[in-house]
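Heads up, the thing below is written out as structure tokens.
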Amino acid sequence: MSKYLLTALILFWGPVNGVIGQENASAPTPSPAGEAPIIHPVSPAGGAGTTAAENQEAVRKQSQESLLYGIAAGGRGSQSNTIYRAGEQSREAAPQPGNPGLLTGAAAASGDKNTTAPGNVNYTVDGRPAGRSQTSGDTTHVYGAGGRPVGRIQEQGDTTTIYGADGRTTGRVQKSGENSVIYGADGRPTGRVSESGNTTNLYGANGKTIGRNEVSGNTTNVYDQKGHAAGRVVKSGNTTTFYGPDGRVTGREVKRGNTTYFYDANGRQTGSSRE
């Protein structure tokens, strides 16, 4: 596994301003130390009887899932973009059926295996720092927008462990050959990513397929748990474009020099990440 810089942002921070958790007073309460992230590949969007708090908690869990699967599928250089995508997902009002953010995020991360990123600072759209990471040896320390430590990522061989600000384990990814197993805070397996040639398969805690992505040239095609097309990710030069299942653009990432700029479906900049 590689240095997944800024990984703790999703696991410990809240989505807005602090970027993801404890620095944002309005953020959802973090899961108890013994609670493992639960994979909900087909959880429905919140209905009329669903409270805002319930929707927020469901979205938080989906964004955690997207982060962990992105870590398992990705490589060096994918980490900061994975964080940003999961952070954007954590700001949604309700959970999305099929968790498309998990599928497309893993697809994009799997295409970044051969790049490196020794350190990153994320910014809001108006240029304000939204968090940073600092790597020393096999440990990456993560800091919030105000400079306070919010967690760390520790790598030991093929194991990547994520810790909160209190030092407790919040998640772990264990790589063995072409397989990466995802574990929750209590050490129970919560999912798995398996690679075979140009195909990456994603599995839930019950071992059932929740999706897959297939690389063909500069395009990574994304499929849901039933094998239906769920979108695609296209890399062209320094630009990565995301498409939904209907073929419409859902977002872009453009790298200029050592900075990556993020845009929404309408072409509006939503933030940036500088190495």
Exactly one of I71, I153 is modelled with pLDDT of 75 or more and farther than 20 Å from A205 by Cβ, and that one is I153
Of the residues in the range 210-241 that are of a type outside the set (A, V, I, L, M) and out of contact with any strand residue (DSSP E or B) (no Cβ under 6 Å at 6 or more places or on another chain), the one that is nearest to R256 (Cα to Cα) is G237
Inside the range 162-174, the number of residues satisfying the requirement of being surrounded by fewer than 18 Cβ atoms within 10 Å (Cβ to Cβ) and under 18 Å from the mean Cα position of the chain (by Cα) is 1
Okay, strands (runs of 3 or more DSSP E) sitting entirely in the range 178-251 with 1 or more residues that are more than 16 Å from A106 (Cβ to Cβ) and within 16 Å of the chain's Cα centre (by Cα), I get 179-183
| query | Of the residues that make up the range 179-187, is at least one in contact with a Phe, Trp or Tyr (Cβ under 8 Å, 6 or more places away or on another chain) and surrounded by fewer than 17 Cβ atoms within 10 Å (Cβ to Cβ)? | reply | no
Is at least one residue of the range 197-216 out of contact with any helix residue (DSSP H, G or I) (no Cβ under 7 Å at 6 or more places or on another chain), surrounded by 17 or more Cβ atoms within 10 Å (Cβ to Cβ), hydroxyl-bearing (S, T, Y) and within 19 Å of R85 (Cβ to Cβ)? no
Picked from the range 133-154 (must be part of a loop (DSSP other than H, G, I, E, B) and more than 19 Å from the chain's Cα centre (by Cα)), the residue surrounded by the fewest Cβ atoms within 10 Å (Cβ to Cβ) is G137
In the set T259, T220, T241, the lone residue that is under 18 Å from Y84 (Cα atoms) and surrounded by 15 or more Cβ atoms within 10 Å (Cβ to Cβ) is T241
With the first residue restricted to the range 198-220 and required to be free of Cβ contacts under 8 Å to residues at least 12 places away in the same chain, and the second required to be of a type in the set (D, E) and in a strand (DSSP E or B), Cβ contacts under 8 Å at 6 or more apart or on different chains are N201/E195
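The values are calculated or read from the model by the stated rules, or taken from the named source; none is laboratory data. No experiment lies behind these values; they were computed from the predicted model shown. Neighbour counts are summed over all protein chains in view; Cβ atoms, including those assigned to glycine, are modelled from backbone coordinates with ideal geometry.
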